[in-house]
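The values are calculated or read from the model by the stated rules, or taken from the named source; none is laboratory data. These numbers come from a predicted model, not from an experiment. Note: areas computed on protein heavy atoms with side chains; ligands, DNA, RNA excluded. Shrake-Rupley method; radii C 1.70, N 1.55, O 1.52, S 1.80 Å.
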Amino acid sequence: MAALDAIAHIRCDTDGVAWVDDTNVKVVEVILSKQAYDLTPEELRDQYPHLSLAQIHAALAYYYDHQSQLDADIARRAALVQTLRERTEDKALQSRLHEAKKNWKP
């Protein structure tokens, strides 16, 4: 499907990251918004008012055409975030802040 794989309104950079044409919005950003809030294309348009409905549908189409690879990338990034969070988490500080919040009086 090489030649037919192109979707209008979507471009891939040299790293293979899919972007909505003429914007600084990655396809995966639109998809994460859709997944997080179960948004319709019209609701996504409200979240991304600088995108046309055609661009949003193109991002969705690109996702469904490349779902397994994008889902794997999303999972990889989530695992990286979790690893970084665990490495940098300061439980003692969190505990002190929690206690300070409980004892705070305006």
Problem - In order through region 22-36: 3J(HN,Hα) via Karplus (6.51 cos²θ - 1.76 cosθ + 1.60), integer Hz, x for Gly, Pro - result: 6, 9, 9, 10, 7, 4, 4, 5, 5, 5, 4, 5, 4, 5, 5
Handout entry: Average Cα contact separation per residue, the chain, under 8 Å, 6 or more apart, as relative contact order %
Key = 21
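Compactness ratio of region 62-106: Cα Rg over 2.2 N^0.38 Å, N = residue count?
Details: Rg = 18.5 Å, N = 45, 2.2 N^0.38 = 9.3 Å.
Ratio of Cα Rg to 2.2 N^0.38 Å: 1.98.
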Practice task
Please work out which option in (i) 1.20; (ii) 1.34; (iii) 1.48 gives Cα Rg over 2.2 N^0.38 Å calculated from these coordinates, and answer with its label.
Solution key: (iii)
Exercise for the section: Could you tell me what percent of the accessible area of region 39-106 is made up of carbon and sulfur, with a 1.4 Å probe and every protein chain present? Expected result: 56
Practice task
Could you tell me the number of lysine pairs in the chain with C-alpha atoms less than 26 Å from each other, where the two lysines are 8 or more residues apart or belong to different chains?
Solution key: 4
Exercise for the section: Output ³J(HN,Hα) for region 84-91: one whole-Hz value per residue in order, computed from phi by the Karplus curve 6.51 cos²θ - 1.76 cosθ + 1.60 with θ = phi - 60°, and x for Gly and Pro. Expected result: 5, 4, 5, 6, 9, 5, 10, 4
Exercise for the section: Tell me which residues come under 5 Å, amide H to amide H, from ILE10 once H is placed; ignore anything under 5 positions away on its chain. Expected result: ASP21
Problem - Cα-based Rg / Dmax (Å) for region 37-76 - result: 11.2, 29
